[in-house]
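The values are calculated or read from the model by the stated rules, or taken from the named source; none is laboratory data. These numbers were taken from a predicted model, which means no experiment stands behind them. Note: ideal-geometry Cβ built from the backbone for every residue, glycine included; neighbour counts use all protein chains shown.
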């Protein structure tokens with residue numbers, strides 16, 4: 001049995017499911033109203049270094065909102081600029097509000113990337129997140145076989161702590177103050 005992470009999911013398992021939306025705050029309010037998910041932790045203009053889109057540098061500007069239902073994290077993604085990107089690729093196929101990816105936690109990032117490449121899946125999006133110690137993420141394009149992409153999220157204490165903090169906000173939440181921002 002894998003180690004259970006502080007936000008409730010086993011290491012290496014699906015820790016998040018993500019959707020692309022055309023209005024982040026409106027979508028967050030809708031998901032709270034219809035599904036009871038919340039509160040939403042909004043990361044505006046999410047910063048990552050060395051971002052690539054299918055191997056080419058990209059200057060994508062995106063914001064995300066994270067919330068929990070039980071131990072599952074839900075992510076809403078909004079793209080601010082019109083550059084080629086993995087989110088627009090899926091929106092063209094399915095429209096806004098569509099499922100985009102599952103995220104898997106990993107402490108073996110390079111090995112997991114290689115494993116998925118050997119299965120025939122190309123790296124579609126990559127970046128390094130300075131606020132959490134430069135930990136990496138990679139979206140592997142598994143749409144043809146899975147109906148969505150797989151994001152690998154490299155874990156360390158800071159990454160795990162971020163997701164645990166968002167989950168903790170949902171425990172005994174009173175349904176008020178739906179949108180939260182970093183202080």
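Per-structure values
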item	result
Count - residues of segment 87-101 that are free of Cβ contacts under 8 Å to residues at least 40 places away in the same chain and in contact with a strand residue (DSSP E or B) (Cβ under 6 Å, 6 or more places away or on another chain)	0
Yes/no for residue 139 being touching a helix residue (DSSP H, G or I) at 6+ places or on another chain (Cβ under 6 Å), within 29 Å of residue 44 (Cβ to Cβ), surrounded by 14 or more Cβ atoms within 10 Å (Cβ to Cβ) and modelled with pLDDT of 95 or more	yes
Top-ranked residue of segment 142-175 - restricted to ones that are in contact (Cβ under 8 Å) with a residue 60 or more places away in the chain and more than 18 Å from the chain's Cα centre (by Cα), ranked as surrounded by the most Cβ atoms within 10 Å (Cβ to Cβ)	173
Which listed residue, of 47, 25, is surrounded by fewer than 18 Cβ atoms within 10 Å (Cβ to Cβ), under 14 Å from the mean Cα position of the chain (by Cα), within 24 Å of residue 183 (Cβ to Cβ) and in contact (Cβ under 8 Å) with a residue 24 or more places away in the chain	47
